[in-house]
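Here is the structure we will look at.
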Amino acid sequence: IWTKAAVTPAGVMIPFVGTYGNHEAGGWGMRRSNVPFYTYYFAQSSSYSSTPVERTQADVMAERETHHHHRVADHTIFFALDSGMLEVPDSGAAYVDRMVTQKFSSVANKMAMYHMPIYSTVWWHVMFPEMRKIWGDVFDKHQITLAAENHVHAFKRTFPIRNQEVLPVGDASGTVYIGDGAFGLKPRTPELLDGDEKYFANVGSYEHVWVVTASPTTVQLSALNETGKEFDSYVIDRTPPEEPARAPPATDNIDEEYVGEDGST
């Protein structure tokens, strides 16, 4: 289906970037041997510590990182993270911290995708509540633009969030969280954690996909329902504010006498 439907008008197939969820791994905190199919065939990252001719499926499963990143353009980097399926949840935050510090600090748009939500629309369906602090601190440190969350099967878009506080609409210094992975199945009805209502700009029980369009200064978000109709949108704008016009230089308040060509003044 993907090879037929996910093709641009120019005939180029849209890349498929995935990450582990509990269905792929069979649960949380699982062994790599539990997910041979996904690890082997979805080659989102690579490692060549073994001689290529000696590499077996077991080698591949043991060597590939479950966190990976993809440079979409000069202005955008995309992190796909394991949120506790095979690695401990802390490792995803450590990976982002390391990669941004070493390689991507100057990239304008830093985005992350992972399975287990930090700001969930269904409060009882969260396995690792500590991620809100651990991952949130790293997202704040590096000004992660957008976080795409899944698992819960509902719809959400938060306000910009920084230090677990809601920022004004349009403030690009925080992270906007979208999700929660609801397409191709019956979505759940949101049940927000008490006190979390303030974080959400929009929630609902909708099947949807998110279309994200990035440029050097903006990230445009568009939520489409199963018929392709947009029902929610938001723009993250990092355009620097215009500098105020400078006042003309001061001059001495002395009238200069004008002398015409005929000598008149």
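The values are calculated or read from the model by the stated rules, or taken from the named source; none is laboratory data. Fair warning: this is a prediction, and the values are worked out from it, not measured in the lab. Cβ atoms come from the backbone with ideal geometry, glycine included; neighbour counts cover every protein chain shown. To get the accessible areas, we keep the full protein, side chains included, count just its heavy atoms, and leave off ligands, DNA and RNA. Shrake-Rupley method; radii C 1.70, N 1.55, O 1.52, S 1.80 Å.
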Go through the residues of segment 162-179 one by one and say whether even a single one is in contact with a Phe, Trp or Tyr (Cβ under 8 Å, 6 or more places away or on another chain) and of a type in the set (D, E, K, R). no
Considering only segment 206-226, how many residues are over 16 Å from N109 (Cβ atoms), assigned to a loop (DSSP other than H, G, I, E, B) and open to solvent by less than 50 Å² (accessible area, probe 1.4 Å)? 2
Please determine whether any residue of segment 40-59 is at pLDDT 80 or above and small (G, A, S). no
Residue list for segment 76-89, restricted to those being open to solvent by less than 20 Å² (accessible area, probe 1.4 Å), in a loop (DSSP other than H, G, I, E, B) and not hydrophobic (A, V, I, L, M, F, W, C): D82, S83, G84, P89
Among the residues of segment 138-149, are any open to solvent by 10 Å² or more (accessible area, probe 1.4 Å), modelled with pLDDT of 95 or more, within 25 Å of N22 (Cα to Cα) and not aliphatic (A, V, I, L, M)? no
For segment 212-245 the number of residues that are of a type in the set (G, A, S), modelled with pLDDT of 95 or more and over 19 Å from R157 (Cβ atoms) is 1
Out of the residues in segment 99-117 that are of a type in the set (V, I, T) and open to solvent by less than 10 Å² (accessible area, probe 1.4 Å), state the one that is farthest from A25 (Cα to Cα). V107
Tally the residues that are out of contact with any strand residue (DSSP E or B) (no Cβ under 6 Å at 6 or more places or on another chain), closer than 22 Å to H67 by Cβ and open to solvent by less than 60 Å² (accessible area, probe 1.4 Å), restricting the search to segment 7-21. 3
Just checking, which of G181, G174, G195, G92 is within 17 Å of the chain's Cα centre (by Cα) and open to solvent by 10 Å² or more (accessible area, probe 1.4 Å)? G181
